[in-house]
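**Q** The structure under discussion is supplied below as structure tokens; questions concerning it will follow.
The values are calculated or read from the model by the stated rules, or taken from the named source; none is laboratory data. All of these numbers come straight from a predicted model, not from anything done at the bench. Methodologically, a virtual Cβ is constructed for each residue, glycine included, from the backbone with ideal geometry; neighbour enumeration extends over all protein chains shown. Each accessible area value is taken on the protein alone, full model and side chains, heavy atoms only, with ligands, DNA and RNA left out. Shrake-Rupley method; radii C 1.70, N 1.55, O 1.52, S 1.80 Å.
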Amino acid sequence: MSMTQQAAPAVDTPPAPGQKQSDGRTRQRPLALRLLARPEVGVFLGAVAVLVFFLFAAPPVRDGSSMANILYQSSTIGIMALPVALLMIGGEFDLSAGVAVVTSALTASMLSYQLTLNVWVGVIVALLVSLAIGAFNGWMLVKTGLPSFLVTLGTFLILQGVNLAVTKLVTGNVATDDISDMDGFSQAQKIFASTFEVGGVNVKITVVWWLVFAALATWVLLRTKYGNWIFAVGGNKHSARAVGVPVTFTKISLFMLVGFGAWFVGMHQLFSFNTVQSGEGVGQELIYIAAAVIGGCLLTGGYGSAIGPVFGAFMFGMVQQGIVYAGWNPDWFKAFLGVMLLGAVLINLWVQRTATRR
């Protein structure tokens with residue numbers, strides 16, 4: 001009998017049915033971490049927390065009309081926060097967004113009134129002006145290579161001065177004339193500033209437009225080639241250009257989307273109040289940017305969603321009106337704004353690090 005034994009050949013045992021084979025190099029992260037890595041989950045939880053807090057701290061919030069008012073305030077911020085968020089995902093931001101809203105409203109109002117035209121003529125011209133402002137910002141950015149901060153800061157100052165100077169020159173006042181009795185006003189008001197009733201509660205049409213635009217922006221980001229381009233140019237424009245992404249078109253069109261949002265909100269303001277104050281809008285751009293940041297968009301670009309800014313805008317509306325319903329000093333709103341913004345930046349930083357951790 002031989003004193004040596006041959007080793008039996010190795011036999012690969014197939015994994016049992018339903019069992020996943022792992023090579024030890026990859027490991028699936030827990031569900032909680034995967035959910036938190038989504039840009040909109042953190043702000044959703046924050047919005048729920050703010051809502052619950054004010055439901056107890058401010059009992060009037062529980063009333064249906066109060067909630068409708070909160071949604072209205074949120075929608076006026078949220079409609080602009082959506083294109084601002086898309087622009088930030090694309091790696092840029094626009095400091096002229098706030099005064100651009102007033103520019104569009106002033107254009108439509110003064111053109112219609114001074115030339116005695118149907119208000120729809122003013123509305124269309126205002127749209128062209130708003131798109132042109134956005135195109136100018138994008139063109140300057142692409143052609144000069146300057147940071148969007150400097151380009152749009154210049155546009156912000158130009159529009160702020162033009163709004164005041166031209167309004168005083170044309171009307172002799174800092175506000176435009178009342179256009180409520182002009183042709184086409186009632187039809188335009190139905191689209192931009194009407195109210196409808198739901199369960200005995202009056203709801204502004206801007207709430208509907210806000211949700212429609214949010215759904216459209218989400219579809220564009222997640223289901224279209226253009227959405228891929230936005231993420232690509234925000235992540236690394238040089239790599240995006242190398243693989244055939246039209247960086248110039250994408251950047252300019254994103255600024256034009258901000259112009260469209262400014263036009264829409266400007267038309268809402270005009271047909272809600274019939275007149276426009278030329279000095280308004282300063283500081284609003286920071287609220288739009290903050291709503292996008294709180295909604296999960298990174299200032300560095302390439303990351304974010306369209307749903308996150310919806311919850312971010314809701315938090316703004318909730319805090320702004322909740323403070324009033326609670327009977328507190330409204331001046332606390334800016335303090336809450338700062339706390340929410342700083343908290344959101346820290347959470348986004350943690351989420352970004354968690355998402356990249358293997």
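Matching residues to (1) out of contact with any Phe, Trp or Tyr (no Cβ under 8 Å at 6 or more places or on another chain); (2) over 11 Å from Val102 (Cβ atoms):
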| position | (1), (2) |
| --- | --- |
| Thr152 | no, yes |
| Leu164 | yes, no |
| Gly172 | yes, yes |
| Asp177 | no, yes |
| Met182 | no, yes |
| Lys190 | yes, yes |
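**Q** Take the residues in region 329-358 that are outside any helix (DSSP H, G or I) and modelled with pLDDT of 75 or more; name whichever of them is farthest from Arg223 (Cα to Cα). Reasoning before the result, please.
**A** Initially, region 329-358 is screened for residues outside any helix (DSSP H, G or I), giving 329-331, 356-358.
Retained after the next criterion (residues that are modelled with pLDDT of 75 or more): 329-331.
On the way: Asn329: 44, Pro330: 41, Asp331: 42 Å.
Among those residues, the one meeting the criterion is Asn329.
**Q** A further question follows. Scan region 128-150 for residues that are over 13 Å from Phe249 (Cα atoms) and either modelled with pLDDT under 95 or among the polar types (S, T, N, Q) (or both) and jot them down.
**A** Our first condition is that a residue be over 13 Å from Phe249 (Cα atoms); within region 128-150, this holds for 128-133, 144-150.
Matches in region 128-150: Ser130, Thr144, Gly145, Leu146, Pro147, Ser148, Phe149, Leu150.
**Q** Here's another thing I want to ask about it. Check Ala16 against each of (1) modelled with pLDDT under 90; (2) open to solvent by less than 70 Å² (accessible area, probe 1.4 Å); (3) assigned to a helix (DSSP H, G or I) and name the one condition it does not meet.
**A** Result: Ala16 passes all but (3).
**Q** Something else about it: Ile179: farther than 30 Å from Val276 by Cβ and either assigned to a loop (DSSP other than H, G, I, E, B) or touching a residue at least 40 places away in the same chain (Cβ under 8 Å) (or both), yes or no?
**A** So Ile179 fails the test.
**Q** For region 182-195: of the residues being outside any helix (DSSP H, G or I) and among the aliphatic types (A, V, I, L, M), which is least open to solvent (accessible area, probe 1.4 Å)? Write out each step before concluding.
**A** Filtering region 182-195 down to residues outside any helix (DSSP H, G or I) leaves 182-184, 193-195.
When the remaining residues are screened for being among the aliphatic types (A, V, I, L, M), the result is 182, 193.
Values: Met182: 33, Ala193: 11 Å².
That would be Ala193.
**Q** What are the residues in region 135-170 that are open to solvent by less than 30 Å² (accessible area, probe 1.4 Å) and among the hydroxyl-bearing types (Ser, Thr, Tyr), if any?
**A** Correct list: Ser148, Thr152, Thr155, Thr167.
**Q** Quick check on this structure: which one of Val282, Val310 is closer than 20 Å to Leu82 by Cα and surrounded by fewer than 21 Cβ atoms within 10 Å (Cβ to Cβ)?
**A** Val282
**Q** Out of all the residues in region 125-134, is one or more assigned to a loop (DSSP other than H, G, I, E, B) and surrounded by fewer than 19 Cβ atoms within 10 Å (Cβ to Cβ)? Give the derivation first.
**A** Step one: list which residues in region 125-134 are assigned to a loop (DSSP other than H, G, I, E, B), which gives none.
The answer is no, given that none of the residues of region 125-134 is assigned to a loop (DSSP other than H, G, I, E, B) and surrounded by fewer than 19 Cβ atoms within 10 Å (Cβ to Cβ).
**Q** Going by what's in this entry, would Val324 be described as closer than 23 Å to Pro147 by Cβ and surrounded by fewer than 23 Cβ atoms within 10 Å (Cβ to Cβ)?
**A** no
**Q** If the requirement is being on the phi < 0 side of the Ramachandran plot, open to solvent by 10 Å² or more (accessible area, probe 1.4 Å) and touching a Ser or Thr at 6+ places or on another chain (Cβ under 8 Å), which of these qualifies: Phe273, Phe249, Phe260?
**A** Values: Phe273 fails: touching a Ser or Thr at 6+ places or on another chain (Cβ under 8 Å); Phe249 fails: touching a Ser or Thr at 6+ places or on another chain (Cβ under 8 Å).
Residue meeting the stated conditions: Phe260.
**Q** For region 73-93, check the following and say yes or no: at least one residue is touching a residue at least 12 places away in the same chain (Cβ under 8 Å), touching a Phe, Trp or Tyr at 6+ places or on another chain (Cβ under 6 Å), over 21 Å from Ile307 (Cα atoms) and of a type in the set (A, V, I, L, M).
**A** Taking every residue of region 73-93 in turn, none turns out to be touching a residue at least 12 places away in the same chain (Cβ under 8 Å), touching a Phe, Trp or Tyr at 6+ places or on another chain (Cβ under 6 Å), over 21 Å from Ile307 (Cα atoms) and of a type in the set (A, V, I, L, M).
**Q** In region 182-198, how many residues are in contact (Cβ under 8 Å) with a residue 24 or more places away in the chain and over 20 Å from Ser74 (Cα atoms)?
**A** Number of matching residues: 6.
**Q** Out of region 158-176, which residues are small (Gly, Ala, Ser) and in contact (Cβ under 8 Å) with a residue 24 or more places away in the chain? Step through it out loud before you land on a result.
**A** As a first pass, look at region 158-176 and keep what is small (Gly, Ala, Ser): 161, 165, 172, 175.
Residue satisfying the conditions is Ala175 alone.
**Q** Out of all the residues in region 61-72, which are open to solvent by 60 Å² or more (accessible area, probe 1.4 Å) and in a helix (DSSP H, G or I)? Full working, then the answer.
**A** The initial filter retains those residues of region 61-72 that are open to solvent by 60 Å² or more (accessible area, probe 1.4 Å), namely 62-63, 65.
Arg62, Ser65 - these are the residues of region 61-72 that are open to solvent by 60 Å² or more (accessible area, probe 1.4 Å) and in a helix (DSSP H, G or I).
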